[in-house]
């Protein structure tokens, strides 16, 4: 087999030569883009992209000004005369690696097993004599609810895994609950971390219920949500007093009181309908998450988790994560970040049509992901927007700041518009895949600053626009007369340009332009460059290290293969709906109608889950891990039991026991504290943002140990001052002692001081 010949020096020479001749082409062997095979991309100086399957080529070479591509078949070469901007090679999509499976006779027959992002899964055939199955990661049994029966197989998903390589064992269990012979193990399951680039994680440790390494935070609760358990799931919540709260929305409402910051993960299994919920606190949107630091994750189990007939409304909520489930036929928006939310991470979601509205542009629902009302530090990443009408509105007219939003590696799959429509905010959009978008791609208005970096636009007629200038000035008033926003652009690819394609860079028209192109991402936009209407300059937020996170953008040419790959956009394995949206459009008043075939799939959608093991216990199995190392599951033994005196200190900048969780800053320069003859030098700084959770299974006496250098030695317990909880303060010993009932409690700042230890002593009654 002949090798592909590619001489970089010759390519650079051809690109730098001063050429006066007319560019001509002889192209007969180019093919459609296909992420399932290795391909070569030829980008012309006009911005067009041609694709070749590398397996079908003999050579690529340059003769003077001419680029010559020789195919394996056919007598004529393809020729590009003085027109090539660059040539790139792109690998086929990553399909993920299988674990090592051995199926000798007499054991469970495993049919499929893969590691994914902070999770792994396996499938197996029913085993004779088994009524159920236990699944182990190492010596830890996962929660029973993570094992499900389907029509012809069983499946287990292990969640909350660090990046690494794992072995998972499945053991048959008979009708008496006894494990029987026939166990089998799959090894070499490679698990990767989710990509945590973006503003949601900027200077913030752990959005939602999980640590940044993929494990559950210490003391986190895990609740399983199915069609049968959404109304009956229960847990104890500190609402000012310890209460047992029942029902999904009711639990969320209890957390909204802000008294309980215990991390909590709601794991969705199968299809959950609006009618399955205990109630919804937002009649317009669905589940409402409001008013506090939530430390809350909503995550799907497997590749078929779906909420149906409702969406989510966030108001004044902090630290909320959504991952790995689908939203179908929502009431209004799939997700509405309505007012003053922060550190919200929306990723690996499948977002489908909402409920049809009355306006001409609401045939597919009103919106999908809307970010407004001074919401800030939000990341929208690796989501698949399925033929949405209006994908994402980012900002209203009421924002008071720049707000800081990231969109990266999203797949806008035949969606119409608002990808995103940006007002006022500072937004970084990189490595997104725009595929056959009929109306427009991104639109910047109202003085916003937007960095469009290395995005891939496929057959998008108006990819990048600023209001009332450039392409928009030639069009139909897409942005309702709002003043312009300024867009910085670098490395974007515009492939398969339609006949009505329009993109006007600053170099082409320095008065009425779509974007200011830079030659390097670090290049700043001059302050003299302003929007035509409003006279707004770019704020260069992306080159300010105090404002910007670290990230590594992929080449735009690689983006389609990345988002279509195993670790790409949407749910695990791209979910359970196998449908390719056609490229043709059915347009009414400038907006597409839902594709009848896709709409029919959604209308008829049912879950393939036959049975969820352990479903009667919606809060999990006591003492099991569910792959969720560091967390706890409700039901049975819900918290770490206290047997005798427990001392919790903060060496290595973390609590020494899972009984305590800390949200706050540590320090080693605030003096020391001596506890039972031992000196400790690491403390938690009691600041306004500090929140310490203590969860005990029995009544205890709690003593807090502060720095010997502190003048104040106190704290609030469950939001109450020391005197209100009958605390005893010893200013000499630098301690505060209080009695706690069983349950979860919070420690927050009363005065500035530094906490070095927490001693818990059971009360004998």
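Placing a label point 7 Å from the Cα of residue 212 along the Cα-to-Cβ direction, the residues of region 521-563 whose backbone N falls under 16 Å from that point are 546-552. Judged by the ratio a/c of the largest to the smallest principal axis of the C-alpha gyration tensor, region 161-229 counts as oblate, that ratio being 1.5 or greater while a/b is no larger than b/c. Considering all different alpha carbon pairs of region 27-133, the Kirkwood hydrodynamic radius works out to 17.7 Å. Stretching the chain fully between residue 606 and residue 356 yields a gain of 88.0 nm (0.36 nm per residue, less the alpha carbon separation). For the chain, adding -39500 (n - 2.57) for each run of n ≥ 4 DSSP H residues and dividing by the number of residues yields -1000 deg cm²/dmol at 222 nm.
Here the simple spin-label model places points 7 Å from the Cα toward Cβ, and for residue 139 and residue 34 these points are separated by 5.2 nm. Sorting the segments 352-364, 307-319 by their residues' average number of neighbouring beta-carbon atoms within 10 angstrom, most packed first, yields 307-319, 352-364.
Taking label points 7 Å from Cα along the Cα-to-Cβ direction, residue 579 and residue 523 give a separation of 4.3 nm. Straightening the chain between residue 761 and residue 593 buys 54.0 nm, computed as 0.36 nm per residue apart minus the Cα-Cα spacing. The order of the peptides 247-257, 81-91 by mean Cβ neighbours within 10 Å, most packed first, is 247-257, 81-91. The packing ranking, built from the mean of other Cβ atoms within 10 Å per residue, places the peptides 200-207, 94-101, 690-697, 218-225 in the order 218-225, 690-697, 200-207, 94-101, highest first. Per residue, the average separation of C-alpha pairs within less than 8 Å and at least 6 apart gives the chain a relative contact order of 10 percent.
Region 340-382 and region 414-476 have Cα centres spaced 16 Å apart.
As a calculated quantity, the FRET efficiency between residue 188 and residue 566 at R0 = 22 Å, using C-beta atoms, amounts to about 0.90. Counting 0.36 nm for each residue step from residue 681 to residue 669 and taking away their Cα separation leaves a gain of 3.6 nm. Report the Cα centroid-to-centroid distance between region 155-203 and region 243-296 in angstrom, as an integer. A separation of 26 Å, based on Cα centres.
Under the classification rounded if a/c is under 1.5, otherwise prolate if a/b is larger than b/c and oblate if not, where does the chain fall, given a ≥ b ≥ c as square roots of the Cα gyration tensor eigenvalues? Prolate. Taking a point 7 Å out from the Cα of residue 741 in the direction of its Cβ, the residues of region 705-721 whose backbone N falls within less than 18 Å of it are 717-721.
If you sort the three axes of the alpha carbon gyration tensor as a ≥ b ≥ c, you get a/c of 1.5 or more for region 65-210 and a/b no higher than b/c, which makes it oblate.
Ranking of 752, 229 by neighbouring Cβ atoms within 10 Å, starting from the fewest: 752, 229. Ordering 670, 228 from the fewest to the most neighbouring beta carbons within 10 Å gives 228, 670.
Among 299, 399, 615, a tally of other beta-carbon atoms within 10 Å of each Cβ gives an order, fewest to most, of 615, 399, 299. Model label points for residue 712 and residue 73, set 7 angstrom from Cα along the Cα-to-Cβ axis, are 8.0 nm apart.
Region 115-147 and region 546-564 have Cα centres lying 34 Å from one another.
Just so you know, all these numbers are worked out from the coordinates, no wet-lab data involved. All figures in this text were calculated on a predicted structure; none of them were measured in a lab. Here the Cβ is made from the backbone with ideal geometry for all residues, glycine too, and neighbour counts use every protein chain on show.
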